[in-house]
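Some notes on the structure that comes next.
The values are calculated or read from the model by the stated rules, or taken from the named source; none is laboratory data. Keep in mind the model is a prediction, meaning the values are calculated, not measured. Glycine gets a Cβ as well: all are built from the backbone with ideal geometry, and neighbour counts include every protein chain shown. Areas reflect the complete protein model, heavy atoms only, side chains present, ligands, DNA and RNA absent. Shrake-Rupley method; radii C 1.70, N 1.55, O 1.52, S 1.80 Å.
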Amino acid sequence: MIPRSLGARLLAAFALLALALVVAVGGALFVALRGLHQDATLGALSDVAGSVLPQVRESIGTGQLRGTVLEVRDQLAARNIDLLLVSADGRLRSISGAAAAGSFGPVLLSQDALPGQEVRGALDLHDGGYDGRYLYVATALRRVGNAGPRAVAFIEADRSGALALADVGRTIPVVIIVILLIATPLALVLARSVTRPLRRIAAATSDIPAGRATSLSLEGPAEVRNLTGTFNAMSAEMEATRQRERDLLANLRHDLRTPLTVIAGFATALRDGTARGASAKTAARAIEEEAGRLERLITEVGAIERIRSGEESIRPELLDAGEVLASTATRFGPRAAAAGITLGVATAPGATLSIAADRLALDRMLGNLVENALAATAGEQRGSIVIQAGPATLPGEVDAIRFDVIDDGPGFTPGAAAHAFERFWRADPARAGAGSGLGLAIVQELAAAHGGIAHAENHTPRGARVGFTLPRVPWPAPKAGPPAGEPADGSIAG
């Protein structure tokens, strides 16, 4: 069963690692200890051979070799050591002289070995009463060609594996205790270094719905620190969004209160007969205008989400950007003139300004920009606004057209241009204007729907340049759908 919590999984991983370490250490110890026990057994056999060989050599000269070998064999039996003869061909033979089956040899004794020369090794014996693996030490008695046994071999059952296993069994518990003493605290520390920051993130995440956004210190491994940094960025963005929403509600309360006050006042005048004749027509016209203003305000509030969801999709058609600019100037010319502002159009000389775009969306975007420029230039002496278009290039070498609305108003304050297209944002939060802070955000969304981008910057020597760049062919391909919306002459600009 896999543990559910991350801490338990980390501890389980450390436990498995410790188990693998114990197995590896045990295996290495077994191999090393087995070799040591084999060397010890062979050394003991060599010592035995050195102690009895003088007696065996002496018996060769007296012709009593067989009796001497039997006597020595009986003496060594108590030590679980056996004595066999080695024939000239290197085969092991019993004292009776009968050759053991082929599985008994041969002993690897060289042909030119001198009397007394020793050779060590191991053999698998499975005949003549022997069954298993044996270690041997063979010592030459005669040169090759002389009659009689060539050498004698002292053999003992190889118990190095069992002895090594017993040693490992005594050692492994100590290894396990040492690993537990060292690895357990280390595992706990490492597990907590990962889980503690994650618990902090989980606790802070649960506070977000209650509106308690917080910033956490970066702790733990690199991956956890990256996650914490991402959480901090998300938390800051959510807090900024909440603040913008609070600002929007405050602005909407003001923007709704003004037309409602006007409507209520004129409605009261009409009801009690205070407004009559021409005054009644003025009251009715004011009520109509303020009702239209309320309708536009409500429309703008949901415009961005309708664009993002595809409810308002672009329907491109081949357009001349110069003609679109001239149409925009014609629509807003009277308002600009009434405010004492010069409104002009500029296009790149000789440039081809054909573009496939949604005409209503393009009118809406330019209308929002001009509305913004008119609001920014209001009160300026001999203010001017220029609507311009020219060839441009989008990232990826995409052929495009750039549209800009340039005014000679106060421009953006430091750092403000980066926020110009955020929803609900106003350059001056204290301004009691009619805008909802959505006009430029709608421009950005419509530009993105065409595969383009929006941009805002200060204009030298004075004023601001706000606009968008659209590919000559929309990318990605637009969805089929209704027009993007009505022209923006009279829409709420941010």
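Quick notes on this structure:
- Rounded to the nearest 10 square angstrom, F332 shows an accessible area of 0 square angstrom against a 1.4 Å probe.
- For the range 172-207, trypsin sites (Lys or Arg not before Pro) meeting the loop criterion (DSSP other than H, G, I, E, B) and having at most 11 other Cβ atoms within 10 Å: none.
- For the set I385, I177, I172, the ranking by accessible area, highest first and with no ligand, DNA or RNA atoms included, is I177, I172, I385 under a 1.4 Å probe.
- For the range 41-95, trypsin sites (Lys or Arg not before Pro) are listed when DSSP marks them as loop and at most 14 other Cβ atoms sit within 10 Å of their Cβ; the list is R79.
- For L438, residues with placed amide H under 5 Å, excluding near neighbours: F424, G494
- Amide H within-cut-off set for L343, under 5 Å, with H built and near neighbours excluded: I385
- Interchain or long-range residues, amide H under 5 Å from G121's placed H: Y136
- Remark: the range 350-359, residue by residue, has Karplus-estimated 3J(HN,Hα) of x, 7, 7, 10, 6, 8, 9, 8, 7, 5 Hz, where x stands for each Gly or Pro and the curve is 6.51 cos²θ - 1.76 cosθ + 1.60 at θ = phi - 60°.
- D399 accessible area, assembled protein chains, probe 1.4 Å, Å²: 90
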